[in-house]
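Working notes, structure below.
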Amino acid sequence: MSAQSQVPVIAIDGPSGSGKGTIARNVASRLGWHLLDSGALYRLVALAATRDGLPLDDAEKLAEVARNLEVQFDSDNSGGEQIWLSGSIVTDEVRTEECGKGASTVAPLQPVRTALLTLQRGFRRMPGLVADGRDMGTHVFPDAGLKVYLTASAGERAKRRHKQLKGKGIDVSLAALSRDIEDRDRRDSERLVAPLRPAEDARILDSSSQSIEAVTRTVLDWASDL
Ligand code: C5P
């Protein structure tokens, strides 16, 4: 058994707006474990490619972008997440809906996914890793000790995203957001490569009518025998 495979992993997968980012951050911080926001890596590939003027359908060029991604995650003075790309802070840019769309356009390309695999597995370090995404339990960490598939109704997810964006001063209509979420869900679950679906051994958790704290506690409870 390699040293890396002895590092415990909690995989949290699910559709956009299911709350997996928030839950993964909470669980990682309470356990004192590392965090992998894999969606941010797909977003960064799209952002870096756009900055280089590359079309988002050139699989080989995009894979090269992914292999050479100079990315760093850390926190700002108030403990908020900060994302760096090639030496500049791109935290807000990465979170835009446009970047999310770009991410789901490059995500079906197998060379891009293969290029990001090594990068993602490199986050697996002691004392443990909480990884959030679409295929953490099915492809990236199939041996994760705990796999959670977090869902919420499409309406609830659109409302949460709307509130989140409004809080950042970004004004988008709820209807437009619902359409975007449904389109993205469709692209993510219907694609041939690593589609969004629960791992066979995942525990399904519906967060529609639960508080963030309640969902966090459930995951921590499930993780207690890792
Ligand atoms: O989770 P987030 O909204 O940041 O992800 C953006 C997009 O990246 C998703 O819609 C999906 O297409 C892609 N993605 C993926 N596999 C992952 C994480 C994200 O395909 N593990």
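A few points about this structure:
- Tail fraction, Cα-Cα pairs, the chain, threshold 31 Å, whole percent: 16 percent
- Average accessible surface for region 7-217: 48 Å² per residue, computed with a 1.4 Å probe over protein heavy atoms with every protein chain in place.
- Over region 7-217, Cα pairs under 8 Å with separation of 6+ residues give a relative contact order of 34 percent.
- Relative protection proxy for 153-166, 65-78, from highest mean packing down: 153-166, 65-78 (other beta-carbon atoms within 10 angstrom).
- Peptide packing: for 201-212, 18-29, 105-116, the average count of neighbouring Cβ atoms within 10 Å per residue gives the ranking 18-29, 105-116, 201-212, highest mean first.
- For region 166-212, the C-alpha radius of gyration divided by 2.2 N^0.38 Å, with N the number of residues, is 1.53.
- Where both bridge residues fall in the chain, DSSP classifies roughly 30% of the beta bridges as antiparallel.
- Contour minus Cα-Cα distance for residue 58 and residue 5 (0.36 nm per residue): 15.7 nm
- Region 1-105: relative contact order in percent, alpha carbon pairs under 8 Å with at least 6 residues between: 22 percent
- For region 7-217, lysine pairs separated by 8 or more sequence positions, or belonging to different chains, with Cα-Cα distances below 26 Å total 14.
- Each stretch of four or more DSSP H residues adds -39500 (n - 2.57); spread over every residue of the chain, this sum gives -14000 deg cm²/dmol at 222 nm.
- Among the protein heavy atoms of region 25-163, carbon and sulfur supply 50% of the accessible surface, probe 1.4 Å, non-protein parts ignored.
The values are calculated or read from the model by the stated rules, or taken from the named source; none is laboratory data. Keep in mind that this is a model prediction, so the values were computed, not measured. Using ideal geometry, Cβ is built from the backbone for each residue, glycine included, and neighbour counts are taken over all protein chains shown. For accessibility, only protein heavy atoms count, side chains too; no ligands or nucleic acids. Shrake-Rupley method; radii C 1.70, N 1.55, O 1.52, S 1.80 Å.
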